[in-house]
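J.: Pasting in a structure now, in structure tokens, and then I'll have a few things to ask.
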Amino acid sequence: MNLERLFSGRTKTMRPSEIRELLKLTQNPEIISFAGGLPNPSSFPIDEMQNVCIDVLKKHGKLALQYGPTEGMRPLRNSLANRAKKEGIDASSDNVLITSGSQQGLDVLGRVFLDPGDTIIVGLPTYLGALNAFRAYEVNFAGIPLDKDGMQVDLLEEKVKELNKKGVTPKFIYLVPTFQNPAGVVMPESRRRRVVDIANEYDLIVIEDDPYSKLRFEGDHIKPIKSFDDEGRVIYLSTFSKILSPGFRLAWMIASEPLIRKLTIGKQALDLCTNTFVQFIANEFIEKGSLDLHIMKIIEMYRPKRDIMMESIKKYFPSDTVCHKPKGGMFAWATIPGPIDTEEMFLDAIKEKVAYIHGKAFYVDGGGANSMRLNFSYSSNQTIEEGMKRLGKVIERKLKEAAAQ
Ligand code: PMP
Ligand code: G9A
């Protein structure tokens, strides 16, 4: 059978995700994994969850085990709208769409907005899962470099103008403004306001993907881009994956009602509705006040992990390594000057039983060869130090080999 003839043209632009493929490899317990953005499993509130499940079944069993509306269960949509209001987002439950993970949200956005050949704007670097979701819709990417304050908005405006001159109107800008995946950086309020101004002026949609802002270890909270949106152009996404459980596959989007309607239709054919039982569980967890306590607990758990990773970079990586200390989230982004290709080096790292995600995976323009993304939430404190020591040795060896050539 000639499978190639049968596959759609779309499959040619689809790519395996380094994160997903490595997850299989790093399930080997001997490998210290800084690869996937996994929460620490010891953070999961397993005992409390047992009681919550029983309560949900007792109180809402007949609804919780039934199909639900595609938009999501009203009580959860309500709770999420109330939480968003506290962050300055003007939303009611009608502005909330529950999705089966933010990853599904990204795919639905692709379905609703993207035609083959469309152009979208992303950061250099950008979350790989978003790139892969959008790639399936056969789009062109325009990349905007990040600095220590996230996407460089002056360059963003220049790029939009340049594209317009060529007759190209990009559909949307995708960004992760807080504790960016992979770079860990945060966009200050002034840049957030500029993004909205640029979107208003050039008629663009903004996709604000925000899984990490609640995981802040220090510094002041910065309001989401969505809170500055007065024309209904910003679509906000967040998820329970990093603040409670990725196994739940539960997330949400906030947007204007006409957009929510279109996105809902886009989602209908994907899964009919998001897991109803889990929606009730998450809502019960919020209403009991347990979610906020849980978030406080994981912040306390992850801060020292971040510190150990940063100290280990100083101790075991070359002294000219560039790595800004992330103030939250789950990732450190390290760039090693010199003749290093982190993709090529990966095989050596695996031989030493340590894994990371190589930088190029996050770039649409071939950049990032000297960088690597290091997750610090998943490993135990002791293993972080040990893994970084192994990685330091691999880098040292690579640099020596290159110098000898
Ligand atoms: N967006 C970003 C920026 C992410 O980091 C992730 C998960 N790593 C997702 C979306 C997908 O999250 P979910 O588990 O909700 O599908
Ligand atoms: O396991 C996944 O695919 C979710 C994690 C994303 C990431 O590592 O960025």
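The values are calculated or read from the model by the stated rules, or taken from the named source; none is laboratory data. None of these values were measured; they are calculated from a predicted model. Ideal geometry is used to build each Cβ from the backbone, glycine not excepted, and the neighbour counts take in all protein chains shown. SASA here: full protein model, heavy atoms, side chains in, ligands and nucleic acids out. Shrake-Rupley method; radii C 1.70, N 1.55, O 1.52, S 1.80 Å.
J.: Take every Cα-Cα pair in segment 188-287 and report what % of them are more than 23 Å apart.
T.: Everything past 23 Å amounts to 38 percent.
J.: Which order do you get for Lys398, Lys165, Lys351 if you rank them by accessible area with a 1.4 Å probe, largest at the top?
T.: These residues rank, largest area first, as Lys165, Lys351, Lys398.
J.: Sticking with this one: Lys/Arg Cβ at +1, Asp/Glu Cβ at -1, dipole of the chain taken about the Cα centre: which of Gly329, Leu156, Ile350 is farthest positive-ward?
T.: Of the options given, the answer is Ile350.
J.: Determine the gain in length on full extension of the stretch Leu57-Leu270; use 0.36 nm per residue of separation and subtract their C-alpha separation, reporting nm with one decimal.
T.: Once the chain is fully extended between Leu57 and Leu270, it gains 74.1 nm.
J.: Among 110-118, 135-143, how do they line up by average Cβ neighbours within 10 Å per residue, starting with the highest?
T.: 135-143, 110-118
J.: Further, regarding this structure: I need the per residue convex hull volume for segment 46-290, using only the alpha carbons, in cubic angstrom as a whole number.
T.: In segment 46-290, the Cα hull volume divided by residue count equals 117 Å³.
J.: Taking the Cα centre of segment 46-290 as origin, sum charge times position over the Cβ atoms of Lys and Arg (+1) and Asp and Glu (-1), and report the length of that vector in debye to the nearest 20.
T.: Using only the charged Cβ atoms, the result is roughly 500 debye.
J.: Shape verdict for segment 131-268, please, from the Cα gyration tensor: rounded (a/c under 1.5), prolate (a/b greater than b/c) or oblate.
T.: Working: a/c = 1.56, a/b = 1.17, b/c = 1.34.
Oblate, since a/c reaches 1.5 and b/c is not below a/b.
J.: Please give the FRET efficiency for Lys314 paired with Asp47, using the beta carbon to beta carbon distance and R0 = 56 Å, rounded to the nearest 0.05.
T.: Values: r = 38 Å, r/R0 = 0.68.
Plugging the Cβ-Cβ distance into 1/(1 + (r/R0)^6) gives 0.90.
J.: For Ile32, which sequence-distant residues (separation of 5 or more, or a different chain) have an amide H within less than 5 Å of its own amide H, given hydrogens modelled in the peptide plane?
T.: Amide H neighbours of Ile32, under 5 Å, 5+ apart: Val354, Ala355.
J.: Okay, next question. Using a simple spin-label model with points 7 Å from Cα along the Cα→Cβ vector, what separation in nm is obtained for Gln66 and Lys325?
T.: 5.3
J.: In terms of the Cα gyration tensor, with a ≥ b ≥ c the square roots of its eigenvalues, is segment 311-367 rounded because a/c is under 1.5, prolate because a/b exceeds b/c, or oblate?
T.: rounded
J.: Sorted by mean Cβ packing within 10 Å, highest first, what order do the peptides 146-156, 202-212, 88-98 take?
T.: Most protected by this proxy first, the peptides run 202-212, 88-98, 146-156.
J.: Within a Cβ distance under 14 Å of Ser8, other residues only, what is the Lys/Arg minus Asp/Glu net charge? Before the final figure, lay out the partial values.
T.: Details: positive: Arg5, Arg10, Lys12, Arg135; negative: Glu4, Glu138.
Here the charged neighbours net out to +2.
J.: Right, something else. How much FRET efficiency would the formula 1/(1 + (r/R0)^6) give for Glu343 and Glu189, where r is the Cβ-Cβ distance and R0 is 41 Å, rounded to 0.05?
T.: 0.70
J.: Given a 1.4 Å probe and the protein chains all in place, what does the accessible area of Leu63 round to, in Å² to the nearest 10?
T.: So the heavy atoms of Leu63 present about 100 Å² to solvent.
J.: Let me ask something else about it. Quick one: Karplus J couplings for segment 116-127, per residue in order, coefficients 6.51, -1.76, 1.60, θ = phi - 60°, nearest Hz, x for Gly and Pro?
T.: x, x, 5, 10, 10, 10, 9, x, 10, x, 9, 3
J.: Using the structure shown, select from Lys24/Lys393; Lys148/Lys288; Lys59/Lys242 the pairs with a Cα to Cα distance greater than 30 angstrom.
T.: On the way: Lys24/Lys393 24 Å; Lys148/Lys288 38 Å; Lys59/Lys242 27 Å.
Over 30 Å Cα-Cα: Lys148/Lys288.
J.: Give the shape of segment 1-116 as rounded, prolate or oblate, defined through the alpha-carbon gyration tensor: a ≥ b ≥ c are the square roots of its eigenvalues, a/c under 1.5 means rounded, and otherwise the shape is prolate if a/b is larger than b/c and oblate if not.
T.: Judged from the Cα gyration tensor, segment 1-116 comes out oblate (a/c at least 1.5, b/c at or above a/b).
J.: Additional query: Leu3 accessible area, nearest 10 Å², 1.4 Å probe?
T.: So the heavy atoms of Leu3 present about 80 Å² to solvent.
J.: Short version: ³J(HN,Hα) in whole Hz for each residue of segment 333-338, in order, from phi by Karplus 6.51 cos²θ - 1.76 cosθ + 1.60 (θ = phi - 60°), x for Gly and Pro, what are they?
T.: 10, 10, 10, 10, x, x
J.: Choose one of Ala282, Val176, Ser213: the residue whose Cα lies farthest towards the positive end of the charge dipole of segment 46-290 (beta-carbon charges +1 Lys, Arg; -1 Asp, Glu; about the Cα centre).
T.: Looking along the dipole axis, the top candidate is Ala282.
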